[in-house]
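One structure is given here, and the rest of the page talks about it.
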Amino acid sequence: MRYLLGLVVVIVTLAALIWTGVNITPTPRSSANTAAADGKVALSEVPFDVASAPGSVTPSEQPATTPLATGTTPALLVPVQGVKAADLTDTFTDARSEGRSHEAIDIMAPAGTPVVAVEDGYIEKLFTSERGGLTIYQFEAGGRFAYYYAHLQGYAPGLAEKQVVKRGQVIGYVGSTGNADPAAPHLHFSVFVLGPERRWWEGDALNPYPMLTQP
């Protein structure tokens, strides 16, 4: 008899709960808990803002050039023999086709004038491009900066990729290859900061003019 009374109480209790609208189904886990169960941490559980963490930069915040403290850029040798620092003109911000900025310095000189390495380092890439013509990508010894020489007439005899070069060593000759005006041979020279991958084809451009005119 007691069991029957107990069963009646349970049935009455359940009926009352259903009548009052109480949800007795199990509550599903939140998305954050589900992610944690899968071995992943939801962003809502991270105790700090990932985007503002030291060393993190979102793509939209990536500067066009990498700011460097005064005195941290190298003092470079003028890369064309016979040309003095006082003869140079800053053309870094000059406009170019398709809305581009020059991001380099043009050093005028007769075709065939020797081009020299601006600093110790090694030849990373010898490359021919539509705009730059015959070019050289040199990395400095520490692997932080890359130096780009373009519109060359030719390379120095025996020049090869991965070859170590010294400051002042002849590596090529002034020309007008690529999209340069044949009537105005010159060296197109630029400097950029390499990323952690040290890819010769990309980097943040720096104005070489102050580096070439430092005392």
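Odds and ends about this structure:
- Among the conditions (1) surrounded by 15 or more Cβ atoms within 10 Å (Cβ to Cβ); (2) more than 21 Å from Leu88 (Cβ to Cβ); (3) of a type outside the set (A, V, I, L, M, F, W, C); (4) touching a Lys or Arg at 6+ places or on another chain (Cβ under 9 Å), the only one that Glu161 does not satisfy is (1).
- The lone exception for Gln81 - which of (1) at pLDDT below 95; (2) open to solvent by 60 Å² or more (accessible area, probe 1.4 Å) it fails: (1)
- Taking the conditions (1) within 22 Å of the chain's Cα centre (by Cα); (2) of a type outside the set (Gly, Ala, Ser); (3) more than 21 Å from Leu76 (Cα to Cα); (4) in a strand (DSSP E or B) in turn, Glu197 satisfies each one other than (4).
- Residues being of a type outside the set (Gly, Ala, Ser) and open to solvent by 40 Å² or more (accessible area, probe 1.4 Å) - total across the stretch 135-145: 1
- Strands (runs of 3 or more DSSP E) fully within the stretch 112-154 counting 3 or more residues that are in contact with a Gly (Cβ under 7 Å, 6 or more places away or on another chain): 133-140
- Flag for Tyr173 being buried (at least 16 other Cβ atoms within 10 Å of the Cβ) and either part of a loop (DSSP other than H, G, I, E, B) or in contact with a His (Cβ under 9 Å, 6 or more places away or on another chain) (or both): no
- Qualifying residue in the stretch 92-107 (condition: modelled with pLDDT of 90 or more, under 19 Å from Trp200 (Cα atoms) and of a type in the set (Asp, Glu)): no
- Residue pairs whose Cβ atoms lie under 7 Å apart, separated by 6 or more positions or on different chains, with the first residue in the stretch 193-215 and surrounded by 13 or more Cβ atoms within 10 Å (Cβ to Cβ) and the second among the aromatic types (Phe, Trp, Tyr) and part of a loop (DSSP other than H, G, I, E, B), are Asn207/Phe92; Tyr209/Phe92.
- Among the residues of this structure, Leu159 does not count as one that is under 13 Å from Gly132 (Cα atoms) and at pLDDT 95 or above.
The values are calculated or read from the model by the stated rules, or taken from the named source; none is laboratory data. The model shown is predicted, which means the values in this text are computed figures rather than measured ones. Methodologically, a virtual Cβ is constructed for each residue, glycine included, from the backbone with ideal geometry; neighbour enumeration extends over all protein chains shown. Each accessible area value is taken on the protein alone, full model and side chains, heavy atoms only, with ligands, DNA and RNA left out. Shrake-Rupley method; radii C 1.70, N 1.55, O 1.52, S 1.80 Å.
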